[in-house]
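Read the figures in this text as sums done on the coordinates, not as results from a lab. Values in this document were obtained by computation on a predicted structure and should not be read as measured data. Glycine also receives a Cβ, built like all others from the backbone with ideal geometry; neighbour counts cover every protein chain displayed.
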Amino acid sequence: MKTLVYFLRLIRWTNLVFILLAQTLFHYCIYKPLYPTAVAKVDFQFFLIVLSCLLIAAAGYIINDYFDINIDQVNKPNKVVVGAHIKRRWVIFWHLFLSVMGIYVAAVALPFSAYWHIHLSNLLTILLLWFYSTNFKKEFLVGNVVIAILTAWSIAIVYFSKFTIQQITHPDIKEVANFRFAKLMALYCAFAFILTLIREALKDMEDINGDQKFGCKTMPIVWGLRPTKVYIAVWLIVVIACLGIIQLYIIPFGWWYGIVYSVLFIIWPLIYVLSKLRTSYVSKDFKKLSLYIKIAMLSGILSMIFFYFSL
């Protein structure tokens, strides 16, 4: 039983739940209302695509912990799993097994000839997660951008899995549902991308001691804490302003429940982080701010439910 608990910790099961929730709500609360005549086969394909994404993401978390063992022993010694509770060779085995299974499940879901863009993206994701763990995360800004892109892609892949490569390269611009689907995909991907950039920078400040000891070149190490805070503040202002504009845009539609929800559970946590950023100096402070970013991200994901009743 303990081994299972440590394995779930290794694959970051809470993060996998985030991915599962985001993809499920995007499919059932946005795609399905826009395309009510979609055949039942679409749901089965969606289930397999989600499973594929979860397997590949779990493999990525595993290999990240494998290469981060020395840094984690400094930053979070009580949470180290690799070597302490699960042998290193088994960690590598699970990474390879889950990666291969992720590719296989996607191949079962979608034919390669019509959906090669999905299969290529899965291979690229596995490679990016490997190189992120070995190189990118130690480099200035590169690792943060890679993770932000992959986070946004976890939503975008649901969108692109609905269309063959022919439909993507020759879209039906007269179809209103296609335009609205693409617009909402871009909105949620942009939201995920920016908040992930913010959270990764906060994590870098939280883990600065271990990262510095092992030669990482993260933003707070290269720039220092104050410029990194300015970087985070700029992104926070951008996303708060954009969300505020969106609320003004939907006022004429009378979506008051959605507006109140967005202000209380998405915008307010971001404003709180912005207000507390200047007075945060130690790892505990940055960990708390990172939690509020997670709350805003979760609230953003749950906001898809409102589209179920309005599309």
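Counting every C-alpha pair in the stretch 228-311, the share spaced more than 15 angstrom apart comes to 60%. The label point for residue 226 and the one for residue 272, both projected 7 Å from the Cα toward the Cβ, are 2.8 nm apart. Please work out the FRET efficiency for the pair residue 93 and residue 120, using the Cβ-Cβ distance as r and a Förster radius of 25 Å; give the result to the nearest 0.05. That gives a FRET efficiency of 0.50.
Taking 0.36 nm per residue of sequence separation and removing the Cα-Cα distance, the residue 187/residue 139 pair yields an extension gain of 14.4 nm.
Over the chain, Cα pairs under 8 Å with separation of 6+ residues give a relative contact order of 22 percent. Each Lys or Arg adds one and each Asp or Glu subtracts one; over the other residues with Cβ under 13 Å from the Cβ of residue 143, this totals -1.
Cross-linked pairs 79/183; 79/229; 87/138: Cα-Cα separations exceed 32 Å for 79/183. Residue ranges 274-285, 127-138 sort as 127-138, 274-285 when ordered by packing (mean number of other C-beta atoms within 10 Å per residue, highest first). Among complete DSSP H helices in the chain, those whose alpha-carbon atoms stretch at least 24 Å along the helix's long axis and whose mean Kyte-Doolittle hydropathy reaches 0.5 are 40-67, 88-109, 116-134, 142-160, 176-206, 225-250, 283-302.
Cross-link partners of residue 32 among aspartates and glutamates, defined as those whose alpha carbon lies under 20 angstrom from its own and excluding same-chain residues fewer than eight positions apart: 43, 172, 175. Listed peptides 112-120, 5-13, 152-160 appear in the order 152-160, 5-13, 112-120 once ranked by packing, highest mean of other Cβ atoms within 10 Å at the front. Most mobile of 16, 236, 248 per a Gaussian network model of the chain (Cα springs, under 10 Å)? Answer for the Gaussian network model of the chain: 248. Give the aspartates and glutamates reachable from residue 294 as a straight Cα distance under 19 Å; neighbours fewer than 8 places away on the same chain don't count. Within the straight-line limit of under 19 Å, residue 294 reaches these aspartates and glutamates: 200, 204, 206, 207, 285.
How do 141, 150 line up, fewest other C-beta atoms within 10 Å first?
141, 150
Taken along the Cα-to-beta-carbon direction at a fixed 7 Å, the label points for residue 282 and residue 166 span 6.3 nm.
Averaging 1/r across all pairs of distinct Cα atoms in the chain and inverting the result yields a Kirkwood radius of 20.7 Å. Among residues other than residue 46 with Cβ under 14 Å from its Cβ, the summed charge is +2 (Lys and Arg +1, Asp and Glu -1). In this rough spin-label picture, where each label sits 7 Å from Cα along the Cβ direction, the residue 21-residue 74 distance is 3.3 nm.
Centroid-to-centroid, using Cα positions, the stretch 125-139 and the stretch 212-236 are 19 Å apart.
Net charge within 12 Å of residue 30 by Cβ-Cβ distance, Lys/Arg positive one each and Asp/Glu negative one each, not counting residue 30 itself?
Once all neighbours under 12 Å are counted, the net charge is +4.
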